[in-house]
Amino acid sequence: MTNEENILKLIAETKKILSEKSRPHSANLYAGMLDLIESLIHPQVLTDTGKINIMSLVDKFGPEKFIMGVKEAERYLRREQNITLTSENIEEFLFKLPRVLSIIHKSPIEKKTHYIYGIARNRFGNWSIKKMSKMMKIVIEESEENGLTEEQIIQFLDSQFIPYMKEARNWTEFRDGLPEHYTE
């Protein structure tokens with residue numbers, strides 16, 4: 001059975017368990033979620049702390065979002081044909097899973113905004129999250145006022161805003177190069 005078949009089977013089981021109004025989640029649900037993760041990282045297994053962390057993610061985000069997030073975060077495993085996973089790949093997957101889960105339900109514009117924050121965090125040592133948040137809010141509101149659709153806003157961010165951001169050598173250069181009303 002492939003991972004995708006396992007995921008679909010787990011979704012069906014999750015819906016069945018949830019329809020039975022089982023709160024808090026049943027031991028079978030947790031076992032299924034842990035089995036899903038361990039099937040992805042096989043031959044490695046989760047530690048007890050890892051299992052507790054996975055169960056808390058299931059509690060926090062719910063089983064359906066958890067499964068969607070696992071499917072999305074699976075790309076961090078970078079499994080190549082018949083090659084065993086490295087511990088670095090598994091650690092990256094488990095490290096990124098909570099982040100993926102926290103943005104999976106957000107709108108595409110919110111996801112893009114978080115991506116932009118990540119670029120700023122990685123490129124600029126002294127950037128200001130408050131100023132960047134305010135700046136992004138102004139950019140998005142101005143775009144909406146000018147009648148741009150969500151797709152057009154994302155296209156603008158991808159084609160102009162992000163490349164400019166990646167070219168800037170530091171936060172000050174980036175901020176100073178933007179139109180003044182973005183940085184007020």
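So which trypsin sites (Lys or Arg not before Pro) in the stretch 60-161 end up in coil per DSSP with only 12 or fewer other C-beta atoms within 10 Å? Those satisfying the criteria are Lys106. Rounded to the nearest 500, the helix-only mean residue ellipticity at 222 nm of the chain stands at -21500 deg cm²/dmol, with each DSSP H run of n ≥ 4 adding -39,500 (n - 2.57). Dimensions of the chain based on its C-alpha atoms, expressed as ranges along the principal axes with the largest first, amount to 56, 37, 28 Å. Holding the Cα-Cα limit at 27 Å, pick out from Lys65/Lys166; Lys71/Lys134; Lys65/Lys131; Lys51/Lys112; Lys60/Lys106; Lys106/Lys131 the pairs that are longer than that. Those over the limit are Lys65/Lys166; Lys71/Lys134; Lys65/Lys131; Lys51/Lys112.
All of the numbers you see were taken from the coordinates with simple rules; none came from a lab. Just so you know, these numbers come straight off a predicted model, no measurement behind them. When we count neighbours, we look across all protein chains shown, and the Cβ atoms used for this are built from the backbone with ideal geometry, even at glycine.
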